[in-house]
Amino acid sequence: MARNKITIVGAGKVGATTAHIAATKHLGDIVLLDIIEGLAEGKALDIAEASPIQLSSPRIIGTCDWESTAESDIVIITSGFPRKPGMSRDDLLAKNVQIIKDVSRNVVKYSPNSIIIVVCNPLDAMVYTAAKITGFVKNKVMGMAGVLDSARFSYFLACELGVSVEDIKCVLMGGHGDDMIPLPRFTSVKGIPVTELLDEEKIAELIERTRKGGIEIVNLLGHSAYYAPAAGAVKMAEAILKDKKTVLSCCAYCDSEYNVGGYFVGVPAILGKNGIEKVIELNLNEAEKAQFKESLDHVKQLALKVDKLL
Ligand SMILES: NC(=O)c1ccc[n+]([C@@H]2O[C@H](COP(=O)([O-])OP(=O)(O)OC[C@H]3O[C@@H](n4cnc5c(N)ncnc54)[C@H](O)[C@@H]3O)[C@@H](O)[C@H]2O)c1
């Protein structure tokens, strides 16, 4: 049986951690690529050398050469500048759009049948860029943010309630910014609506911490998060490669869905071998619709900026 091939572009903090998690999960052959000579090779070798200890047997190589990425099934794009304290994700747009443009052209050239998972920020705008440059069918281009943001919300809820993180199921929508929308009405603890277990004020506090979850880490580390973002990217890749039909919050193309009108934004979706197999449309109430509209307006503004830069 042919082995899956996963290319991870960018061997920095998110990229290398993604490679390590993917290797321990036996997801397939991994190619880690960076523009810095030696960086991807060194990290790939280090991950490979961990395999006898971890009893995993990944085939992983590091390279600067796109030829080695040919015929990948999935390309995870983590190549881009991260935030530093005092920066918003939007501040990264001008620099990262050029990187995504360059990378996307190489994806088209070497892996025209691949599925792309973008991780770089500002997330929704970078997914839009990758889709525009590659021209891939829209279900094969997506972004990882909702998996991370829902994980943060779930973790904070689990700590507050003193329950296992496994029991929390939550849905989160909107762009990957301070206006993201964790949805308590669609969040449950082993089937029990979270609204039955916590009062409005406490839920609002945890939503606020989730929205600021990225900057909380940036302020602690002087650099953005990477363990949880990498776990999120691998979760999406696994759902696709194993055709799991997993429901995950991710940045997906929506047209008539939620009346988005042709943009990439965070929504719950089913992930399987065809990428985004279906966007799940929730019956939002008026307050949720208003929040989604505000977040979507922000996503659209960034897409306009991308159009001007390309
Ligand atoms: N979506 C999310 O939830 C989320 C979470 C955390 C970080 N991020 C984003 O992920 C990106 C990566 O973060 P990081 O912490 O790994 O940064 P990093 O600086 O550690 O790594 C980025 C790597 O990309 C490489 N690179 C740059 N241009 C390249 C190109 N053209 N081709 C190949 N490689 C190239 C750099 O050499 C560097 O090694 C940032 O944009 C960050 O904001 C997103």
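Nothing in this text is a laboratory measurement; each read-out follows from the coordinates by a stated rule. Predicted, not measured: the structure shown is a model, and the values here were computed from it. Every residue, glycine among them, receives a Cβ derived from its backbone with ideal geometry; neighbour counts consider all protein chains shown.
Worth pointing out:
- Of Lys43/Lys242; Lys190/Lys245; Lys101/Lys140; Lys140/Lys300, those spanning more than 24 Å from alpha-carbon to alpha-carbon: Lys43/Lys242
- Taking 7 Å steps out from each Cα toward its Cβ at Val137 and Lys293 produces label points 3.4 nm apart.
- Residues with amide H under 5 Å from that of Leu32, placed H, sequence gap 5 or more: Ile8, Ile61, Gly62, Thr63
- Sorted by Cβ density within 10 Å, fewest first, the residues Val279, Val299, Val163: Val163, Val279, Val299
- Taking Cα centre as origin and charging only the Cβ of basic (Lys, Arg, +1) and acidic (Asp, Glu, -1) residues, the dipole magnitude of the chain rounds to 640 debye.
- The distance linking segment 285-310 with segment 33-82 is 34 Å (Cα centroid to Cα centroid, whole angstrom).
- Length released on extending from Glu205 to Glu281, taking residue separation times 0.36 nm less the Cα-Cα span: 24.7 nm
- Among the listed pairs Lys95/Lys138; Lys13/Lys289; Lys95/Lys293; Lys13/Lys293; Lys202/Lys305, those beyond 31 Å (Cα-Cα): Lys13/Lys289; Lys13/Lys293; Lys202/Lys305
- Remark: spin-label model distance Cys159-Ala50 equals 2.4 nm, labels positioned 7 Å along the Cα→Cβ axis.
- Acute angle (nearest 10 degrees) that the helix 39-54 long axis makes with the longest principal axis of the chain, alpha-carbon atoms: 80
- Contact order for the chain, expressed relative to its length and based on alpha carbon pairs under 8 Å spaced 6+ residues apart, stands at 17 percent.
- Helix-only CD estimate at 222 nm, as mean residue ellipticity for the chain, using -39500 (n - 2.57) per DSSP H run (n ≥ 4): -14000 deg cm²/dmol
- Per-residue Cβ neighbour rank within 10 angstrom, fewest leading, Asp179, Asp34: Asp179, Asp34
- For Arg83, the residues whose amide H sits under 5 Å from its own are Ser224, ignoring neighbours fewer than 5 places away on the same chain, with H placed 1.01 Å from N.
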